[in-house]
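Comments concern the structure below.
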Amino acid sequence: MFRNYLKTAWRNLMKNKMFSFINVLGLTIGITVCMMIFLYIMNEFSVDNFHKNGNNIYRVMRSFDNEGKQSSVPYLSGPYAPALLNDFSSDIKQAVRVMPSNDLVVIGNTSFNEKNVYAADSGFFSMFSFPLLRGNASTALNNPNSIVLTETTAKKYFGTIDNDMGKVVEMDKKFQLKVTGIAKDVPSNSHMSFDLVVPIENFTHNNGFDVWIDNRLFTYVLLNEHTNVAQLEKKFAPFMQKYMGHDMLQYGFHFSLSLTPLKNIYFENATAFDNVKHGDKAVVYIFLSIAVLILLIACINFMNLSTIRAVERSKEVGLRKVLGALRNNLIWQFIGESVLLTTISCIFSIVLLLLIMPLYNQLLGYTLTVSWNTLPIYLFLTGVILIVGFLAGSYPAFFLSAFSPIQALKGKLRLGKGGSTFRQALVVVQFSISVFLMVGTIIIINQMSYVKNKQLGYNKEQTVAVRIDNNDFDENKYVFKNQLQNNSNVASVSLMSGEPGGFFDDYSFDVEGHNEKWQARTEFADFEYVKTLGLKIISGRDFSSQFPTDTTEAILLNRTAAARLGWTPEQAIGKWIQNKFRDDNKRRIIGVVEDFNFLSLKENMDALVISPSEDRRVALIKLKPGNIQAGIAAIRNEYNKVAPAYPFEYSFLDQQFNDIYKNDLRQQTIITVFAGLAIFVACLGLFGLASFTATKRFKEIGVRKVLGSSVQGIVILLSKDLLKPVLIAMCIALPVGYFAMNKWLQNFAYKTSLSWWIFLLAALITFAIALFTVCIKAIKAAVANPVKSLRTE
């Protein structure tokens, strides 16, 4: 019997090639999208799961009050780890410090400016399960003069990993480090990412490393099996008072410690103070929803097209019933056909996914680590075949098996008004999803365009950013600046601690007339800062070399900082503020600048203090209009004079948008592709319905043409019934789209408005596509020779 059902199913597929093609193509696209997103979700939720001790590893977080809100950052200072081990030896088994760093690496005559270096304690590879291809994980970092390279880094340096052990790498022109291990490349499902790991002992003698309040590294702890985390966290308050009580009292801070499980780090909110890889659960759920919606559209196509073919198969059903077939047998036959078609689609989907996987990885920005040969993949494929097969085939199966054999054999069977209503309801669901995705796509594109083109309050065009935080620039940064300022291609140069969109320190200040500590972001910059960025002074004056005391006694605020202190820009002039952590000077406010977006546009405008204190990590060079390449060449020339050992690297300030919002731009692209696929699959179903309608009304069309109907009139006649569900879908989807996208926009501090034209555009695009799809078949039917239809019985 099963063999007979299989033969019948295959014959039906071959007999109705167009309907089978539409179903297979729709299901193939739907299943492929589901598989793409399933692999992405598996990768997201597998982050850090590969660590053997992962369940007992925690990252120590430092919490503080920020304007009434509790905020947490992962950065601690060097002494925390040994103190935690000493004071809580019964609870903490191991503590490892990890300090991200940029370092110069020299191999022979070739230098590399490595931005992904980890300085870590010797237990790094024993706490974390980053496998070593060469070397011993427990001893690789024991010697301070050792270094561990990833496989890719080793090949970059030496061309191979076979004979690299024991080779010497020079770092920062002062460390001669011997290769003691080659690690596998860090997988994409890790919140940490490194190219080199060196013993942290090489940096413990740096200025400030052993100062409790000078935070610069992550601290991870491995807890004992039976440690009660909540009870341990309660013990941190006296611990902080013991070691940090004096500093907290002196500087006005109030810190506390907490523990974040390793498995939770990835989905924590990303901040400028946490430069590890982070994910967004909201994006994961959005992608999951899209996968389900597209697969639902494909299933609806199958149900619709199977149902409208019911009349064609009515005699088959009637004959089977007369010959003794039970309804259950017929139901299983039709569900079996559905499962067969789904299986065929699934095979095509696997082939298609294998072909587009490189493009998908490129779109995501990383390589998925999920293996095909795993139980979850097999369960997923089996589940898709069974669930989609039953979901798509259930209604047609019950519908077809319920036919009256007498009516079916007489050829008098009609689908009836109820069947038509159900089909139209399915089309409404399809296009509601399509319109919703179209609205979302347009709003996302519009928001990213708004962010990209928003006036940021500073002049970012033709401005080059160059990192100068290396040893060679310590003594020569002002030589570099002065030489560039004398160049005819350069308008101005400013040295600062962080460029717009970069990192800004957060400090507490004593303020005139305020009893409590006041917290603000701080930029340490020279006197050309305002000029180079083109900031607007709205009150007071800029730093000036005509006032020698500005270096030690002056400071600038932005408008938001003045407002938060309760002052107008004019009232702020002459008031003093003091940052005891940096120096003991009470600096007078000499000017207030207009707010400019020095942070990401996802963050609200924050208070900013601009101080001429020494801390120069970045040079911003404003080039004169004209020959940009000559300006870059001039910068390169001066850079090579000052820091010949360091590779010259630069970026344009106006191009940093793509770096800051690269994840949002990738999500925009992916959602746009998926929305287009959803509309395409929905239109496949609409095309099938139009084909059926044209075939069913073939003789009617011929009669109407003989009686004088125009092609235009017949096209309108055939189209209006099919397009009614599309119009209803718009009325449902547009309000839902408004609600959902309004919530999504709340992630941005600066956002575009949800204008009426966005929803009108989405509706018009969807309707135009649907109209085009229907008209293709309607016009073909309308221009057909009426004689053929009138001869047909």
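Nearest 500 deg cm²/dmol is fine: what mean residue ellipticity at 222 nm does the chain get from its DSSP H runs of n ≥ 4 alone, each adding -39,500 (n - 2.57), divided by its residue count?
-16500 deg cm²/dmol
Would you kindly derive the ³J(HN,Hα) couplings of the range 342-354 from the backbone phi angles with the Karplus curve 6.51 cos²θ - 1.76 cosθ + 1.60 (θ = phi - 60°), listing them in order in whole Hz, with x for Gly and Pro?
Taking θ as phi minus 60°, the curve returns 5, 4, 4, 4, 5, 5, 4, 5, 4, 4, 4, 5, 4 Hz for the range 342-354.
Using packing as a proxy for protection, rank 603-612, 747-756 so that the peptide with the highest average count of other Cβ atoms within 10 Å comes first.
So the peptides 603-612, 747-756, ranked by packing, come out 603-612, 747-756.
Quick one: which residues, 5+ away or cross-chain, put their amide H under 5 Å from the amide H of GLN519? H built at 1.01 Å from N.
So GLN519 has HN proximity to PHE509.
So, in Å, what gap is there between the alpha-carbon centers of the range 504-537 and the range 43-57?
With the range 504-537 and the range 43-57 each reduced to a Cα centre, they are spaced 40 Å.
In degrees from 0 to 90, rounded to the nearest 10, what is the angle of the helix 236-251 Cα long axis to the longest principal axis of the chain?
So the helix axis and the longest Cα principal axis differ by about 60 degrees.
Pairing the Cα long axis of helix 662-696 with the longest principal axis of the chain, what angle in degrees results, from 0 to 90 and rounded to the nearest 10?
10
To one decimal place, what Kirkwood hydrodynamic radius in Å is obtained for the range 27-90 from all pairs of distinct Cα atoms?
That comes to 16.1 Å for the range 27-90.
What is the distance, in nm, between label points placed 7 Å from the Cα along the Cα-to-Cβ direction at TYR478 and at LYS184?
A separation of 5.3 nm, rounded to one decimal place.
Test of understanding: what is the full-extension gain from ASN102 to THR260, defined as 0.36 nm times their sequence separation minus their Cα-Cα distance?
Working: separation 158, 0.36 × 158 = 56.88 nm, distance 2.60 nm.
Extra length available between ASN102 and THR260 comes to 54.3 nm.
Given 0.36 nm per residue, what is the gain on full extension from VAL736 to ASP584 after removing their alpha carbon distance, in nm?
49.0 nm
Amide H neighbours of ALA749 under 5 Å, at least 5 residues apart or on other chains, H built in the peptide plane: list them.
So ALA749 has HN proximity to LYS602, GLU603.
For the chain, calculate the relative contact order in percent as a whole number, restricting contacts to Cα pairs under 8 Å that are 6 or more residues apart.
15
Taking R0 as 60 Å, what FRET efficiency do you get between GLN746 and VAL703 from their Cβ-Cβ distance, rounded to the nearest 0.05?
Working: r = 58 Å, r/R0 = 0.97.
After rounding, the FRET efficiency stands at 0.55.
Return the percentage of antiparallel bridges among DSSP beta bridges fully within the chain, rounded to the nearest 5 %.
Just about 80 percent of them are antiparallel.
Give the long-range amide H neighbours of LYS93: residues separated by 5 or more places, or on another chain, with amide H under 5 Å away, using H modelled in the peptide plane at 1.01 Å from N.
The answer is LEU222, LEU223, ASN224.
Mind ranking 125-135, 489-499, 221-231 by how tightly packed they are, going by the mean number of other C-beta atoms within 10 angstrom, highest first?
The most tightly packed comes first, giving 489-499, 125-135, 221-231.
Counting only heavy atoms of the protein chains, get the accessible area per residue of the chain (1.4 Å probe) and round it to a whole Å² value.
Numbers: 35860 Å² over 793 residues.
I get 45 Å² per residue for this part.
Show me 511-521, 349-359, 291-301 ranked by packing, highest mean number of other Cβ atoms within 10 Å first.
291-301, 511-521, 349-359
Could you give each residue of the range 47-57 its phi-based ³J(HN,Hα) in whole Hz, using Karplus coefficients 6.51, -1.76, 1.60 with θ = phi - 60°, and x for Gly or Pro?
Once rounded to whole Hz, the list reads 4, 6, 6, 7, 6, 4, 9, x, 5, 10, 9.
Label THR421 and LYS173 with points 7 Å out from Cα along Cα→Cβ: what is the distance between them in nm?
The two pseudo-label positions are separated by 8.4 nm.
Quick one: putting +1 on the C-beta of Lys and Arg, -1 on the C-beta of Asp and Glu, what dipole do you get for the chain around its Cα centre, in Debye to the nearest 20?
5860
Translational diffusion coefficient, Stokes-Einstein: compute it for the chain using the Kirkwood radius over C-alpha pairs as Rh, at 10 °C and 1.306 mPa s, and state it as an integer in µm² s⁻¹.
50
Once the piece of chain linking GLU570 and TYR378 is laid out straight, how much longer is it, given 0.36 nm per residue of separation minus the C-alpha distance between them?
Here the segment from GLU570 to TYR378 would lengthen by 62.2 nm.
Round to the nearest 0.05 the FRET efficiency obtained for ALA630 and ASP469 when R0 = 25 Å and r is the Cβ-Cβ distance.
Once the sixth-power term is evaluated, E becomes 0.45.
Between the range 620-651 and the range 150-189, how far is it from one alpha carbon centroid to the other, in angstrom?
Their Cα centres are 30 Å away from one another.
If each of THR369 and SER600 carries a label point 7 Å out from its Cα toward its Cβ, how far apart are those two points in nm?
For THR369 paired with SER600, the spin-label model returns 2.2 nm.
Provide the per-residue ³J(HN,Hα) series for the range 531-545, in order, calculated from phi with Karplus coefficients 6.51, -1.76, 1.60 and θ = phi - 60°, each as a whole number of Hz, with x at glycine and proline positions.
Each residue's phi maps through the Karplus curve to give 5, 5, 7, x, 6, 9, 7, 9, 7, x, 9, 8, 4, 8, 5 Hz.
Rounded to the nearest 10 degrees, what's the angle between the helix 628-642 long axis and the longest principal axis of the chain, both from Cα atoms, 0 to 90?
40
Within the chain, what whole-number % of the accessible surface is contributed by carbon and sulfur, with the 1.4 Å probe and all protein chains included in the calculation?
Summing carbon and sulfur atoms, their accessible area is 56 percent of the total for the chain.
Across the range 438-535, how many lysine pairs, 8 or more apart or on two chains, come within less than 20 Å at their alpha-carbon atoms?
Lysine pairs, 8 or more places apart or on different chains, close enough: 5.
The values are calculated or read from the model by the stated rules, or taken from the named source; none is laboratory data. Small disclaimer: the values here were computed from a predicted structure and weren't measured. Glycine also receives a Cβ, built like all others from the backbone with ideal geometry; neighbour counts cover every protein chain displayed. Ligands, DNA and RNA are stripped out before the accessible areas are found, and what is left, the full protein with its side chains, is counted by its heavy atoms. Shrake-Rupley method; radii C 1.70, N 1.55, O 1.52, S 1.80 Å.
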